[in-house]
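The values are calculated or read from the model by the stated rules, or taken from the named source; none is laboratory data. Treat the numbers as computed from the prediction; the structure is a model and nothing was measured. Glycine gets a Cβ as well: all are built from the backbone with ideal geometry, and neighbour counts include every protein chain shown. Just the protein is used for accessible areas: all its heavy atoms, side chains included, with ligands, DNA and RNA removed. Shrake-Rupley method; radii C 1.70, N 1.55, O 1.52, S 1.80 Å.
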Amino acid sequence: MEDFLSGFSESVDVNREKAGEFLDERTIREIERSVEMENAKVQAAVWTRVARTLRTMSDDFKEPERKALVDHTLGMMAGGPNFQVIPRQSWIYPDGHRREGDFYMFARGPVYFGEVMLKYAYDVQAEKPYCLIDHIQGIQQDEYPDPKSFFGVNVLEGMAAYVIEKSRGLLDDGWWLALKSETLPMSRMSAPYSMGVKDRFFDPKPREVELKSATLPGIALKTDIYDLNPNRKRVKEILGS
């Protein structure tokens, strides 16, 4: 499993100190308790993404947005009865393409079967914080005779539903959730990529917004997104609306 992974990140101590500039002691202790039993790579990934996002988005994310971001980061690690969700700071695709970012790797035991990349962003026009699903991708589904065994539905839909369910607190705190509209490079199309996810959970047509994120600090980029659609049957089932 580690053959395709890179654990690039700054040290835990450095990022704990950086996060402390934006979080109270109670929240810092909450993060420490949540990751203390995890391995060094997981701890580094959590502290790196929290510290980097809060530092680069400090002019936009205020309280309670900062605490909501921390709660979401930790909540995403909960996993399920037959799978784990593991944060990573980069992913090397089987074709050799490497990408840095806030990844969550979905695994059963020693084998990854999918990954989700998230971005915490800010809509400069609507003045709203966003959790942006950059993409959802299956990785080694062909190794499993029944890919629905993880969630009861196909793997991509199951991972999307997991993200939405774990984003309930964000939505309650005024955040928006969306799927990024992105063309997948041909070299990475060997594994299923966000197929069916939009039609199950998000608006049918994209909307252009100006988002700031930790990717390019201080710069708002025009981005096409599909907003979470509360009227979708599956969204109602997940959020209980």
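The table below gives the values:
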{"read-out": "Count of residues meeting criterion [at pLDDT below 90 and either out of contact with any helix residue (DSSP H, G or I) (no Cβ under 6 Å at 6 or more places or on another chain) or open to solvent by 10 Å² or more (accessible area, probe 1.4 Å) (or both)] in region 114-135", "value": "3"}
{"read-out": "Residue check, D59 assigned to a loop (DSSP other than H, G, I, E, B) and modelled with pLDDT under 90", "value": "yes"}
{"read-out": "Residues that are in a helix (DSSP H, G or I) and either over 17 Å from E17 (Cβ atoms) or among the aliphatic types (A, V, I, L, M) (or both), drawn from region 37-52", "value": "A40, K41, V42, A44, A45, V46, V50, A51"}
{"read-out": "Extreme residue, surrounded by the fewest Cβ atoms within 10 Å (Cβ to Cβ), among residues of region 65-113 that are free of Cβ contacts under 8 Å to residues at least 40 places away in the same chain and farther than 30 Å from E208 by Cα", "value": "P81"}
{"read-out": "Pairs, first over 17 Å from Q89 (Cβ atoms) in region 211-227, second part of a strand (DSSP E or B) and of a type in the set (S, T, Y), C-beta under 6 Å, six or more apart", "value": "L211/T223; K212/Y122"}
{"read-out": "In region 18-37, the residues that are open to solvent by 10 Å² or more (accessible area, probe 1.4 Å) and in contact (Cβ under 8 Å) with a residue 24 or more places away in the chain", "value": "K18, E21, F22, L23, E30, S34"}
